[in-house]
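What follows is one structure encoded as structure tokens, with my remarks underneath.
Nothing in this text is a laboratory measurement; each read-out follows from the coordinates by a stated rule. Remember, predicted model here, so these are calculated numbers, not experimental data. Note: ideal-geometry Cβ built from the backbone for every residue, glycine included; neighbour counts use all protein chains shown.
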Amino acid sequence: MTTQFSKVDDSYDIRFDVPQVQRLRFTKDVFSADIEVLTALIERSGPAPAKVQIWVDNGLQASQGDAFKKLHARLNDEEHIDVVDDVQFVPGGEDCKRDPRLVESMLSTFNKANLDRRSYVLVIGGGAVLDAVGFAAATAHRGIRLIRIPTTTLAQGDSGVGVKNAINFFEKKNWLGTFATPWAVINDAKILETLPNRDFRCGFAEAVKVSLLKSAEQFETLVANASLIFNRDAEKTHQALKHSVLLHLEHITRGGDPFEAEMARPLDFGHWSAHKLEPLSNYTLRHGEAVSIGVALDSLYSSRVYGLSKVDAHRVVGCLAQIGLPTSHPRLADKKTLFDGLEEFRQHLGGELTITMIDQPGQPVNVNTIDYVEMGAAIDELIEISGGPNAIGREFS
Ligand SMILES: NC(=O)c1ccc[n+]([C@@H]2O[C@H](COP(=O)([O-])OP(=O)(O)OC[C@H]3O[C@@H](n4cnc5c(N)ncnc54)[C@H](O)[C@@H]3O)[C@@H](O)[C@H]2O)c1
Ligand SMILES: [Zn+2]
């Protein structure tokens, strides 16, 4: 720990750094052949075995058969691990973030098992389940170790390595939550096989987003591989998700602002409108789909007001559409309501409105004002090049 003292009279402003470690692992089949990757991440609790409680997204129950029962037994075979209780199932998707009583029941289950700060909550699921169980784990004893096994492309490429968790509260999304670094994250390839195409594509909206912020080269790769990603090519999808998660991780660990104290939140490129479109669509749009539309929109706006070329902006829209993501939505035309999303975006962080736009692929620019006339024109252009407000990428299946 490094400390710098600055003392004036009897006031003390002391800066301090707390070392944090992000442990990210990639596996092909973590519940079977690669199980050691998981067991190696679990440390004995002094002389006693480490207590582990397993939490699973119930959306996985049908497709994974008895995988979790086997996992439970296999972990218990380890001399340094004590799996407490049966596997706990949680409602998948946004449902688990909407009901605070679920968090209370998670805390109660931790308490009954006497989990402590050296115990592990192993959570397997989509981003919503990771958020809800992660929030409970971060607040119990002020933090029980959390191992995440993300099971959607979105959670593997983006939120899994994030240092945030939250549930919805006062009917506001992510209103109640904490910043907490997970103990470890395991991105497993096999677990994604059961994802329906529509959910599978969602993670690549964030992959396109982060490439536009951090790596022109990776953006080119995504453009070149868009059709293969649409067809779920194993190598290209793995490569795209791996790049995406590593770019997100680099931002969190090297970007200098992991806990978002600054006004700018570059990883939220394309998100001001995405966050508004999700409720406007009555949550029929998935987060990744809304991000796809938001990234397409802010790319067109960036080409009108900032340095991004029109050709590149149109390549962004084309790439997203080729992956099979939507780039338009009927509610996009409701400009006045959509623009309320800018103020809501500002309110979540406080301070001055700060939105990230793109000067070139890989070169973000933070801006404090939006030209509503140009944004309106960008919306019209997006609707037109997407083939109308109802155009939804290549297909939903
Ligand atoms: N904490 C963060 O930094 C952060 C960042 C981005 C998004 N999020 C949150 O993540 C959530 C969205 O997460 P998501 O996109 O991963 O989807 P999700 O968690 O909403 O899951 C979507 C659906 O897929 C099912 N599912 C999950 N894995 C599956 C699999 N392998 N096979 C079959 N079905 C499966 C789930 O049961 C659910 O019904 C939102 O609540 C969002 O706010 C959090
Ligand atoms: Zn997002």
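Below are the figures for this structure:
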| read-out | value |
| --- | --- |
| Arg117 paired with Asp29, simple spin-label distance in nm, labels 7 Å along Cα-to-beta-carbon | 4.0 |
| Helix axis angle, 197-214 relative to the chain longest principal axis, alpha carbon, degrees | 70 |
| Pairs of lysines in the stretch 24-194 (C-alpha under 23 Å apart; 8 or more residues apart or interchain) | 15 |
| Between helix 100-112 and the chain: long-axis angle, C-alpha atoms, 0 to 90°, nearest 10 | 20 |
| Dmax and Rg, reported as Rg then Dmax, of the stretch 197-385 (C-alpha, Å) | 15.3, 44 |
| Gain on full stretching of the segment that runs from Glu343 to Glu220 - 0.36 nm per residue minus C-alpha separation | 41.0 nm |
| Compactness index (Cα Rg / 2.2 N^0.38 Å), the stretch 11-77 | 1.62 |
| Qualifying GluC sites (Glu not before Pro) in the stretch 297-397, DSSP loop, other Cβ atoms within 10 Å at most 15 | Glu352, Glu395 |
| DSSP beta bridges in the chain [antiparallel fraction, %, rounded to 5] | 45 |
| In degrees, nearest ten, helix 310-323 long axis to first principal axis of the chain (Cα) | 50 |
| Label zone at Arg232, where the point sits 7 Å out along the Cα-to-Cβ direction: the stretch 184-206 residues whose backbone N lies under 17 Å | 188-205 |
| Signed unit charges on C-beta, dipole axis of the stretch 24-194, positive-most listed residue Thr153, Thr27, Ser105 | Ser105 |
| Sites excluded, trypsin sites (Lys or Arg not before Pro) in DSSP loops with at most 14 other C-beta within 10 Å, longest stretch of the chain | 118-397 |
| Spin-label model distance (nm) - Ser108 vs Thr253, 7 Å beyond Cα toward Cβ | 3.9 |
| Considering only the stretch 79-188, percent of DSSP beta bridges that pair antiparallel, nearest 5 | 40 |
| Tyr372 paired with Asp334, simple spin-label distance in nm, labels 7 Å along Cα-to-beta-carbon | 1.7 |
| Anchor Lys335: aspartates and glutamates whose Cα lies under 16 Å away (excluding residues fewer than 8 positions away in-chain) | Glu278, Asp298, Glu343, Glu344, Asp371, Glu374, Asp380, Glu381, Glu384 |
| Reference-scaled alpha-carbon Rg (2.2 N^0.38 Å with N residues) for the stretch 56-107 | 1.33 |
| HN-Hα J in Hz across the stretch 150-159 - Karplus 6.51, -1.76, 1.60, θ = phi - 60°, x for Gly and Pro | x, 10, 10, 5, 5, 6, 6, x, 9, 6 |
| log₁₀ of I(q)/I(0) at q = 0.09, 0.11 Å⁻¹ - the chain, Debye sum with one point per alpha carbon | -0.54, -0.80 |
| Spatial separation of Cα centroids for the stretch 291-318 and the stretch 164-228, in angstrom | 20 |
| Other-chain or far-sequence residues with amide H under 5 Å of Glu260's (modelled H) | none |
| Radius, Kirkwood style, for the stretch 1-155 when every pair of distinct Cα atoms is counted (Å) | 17.0 |
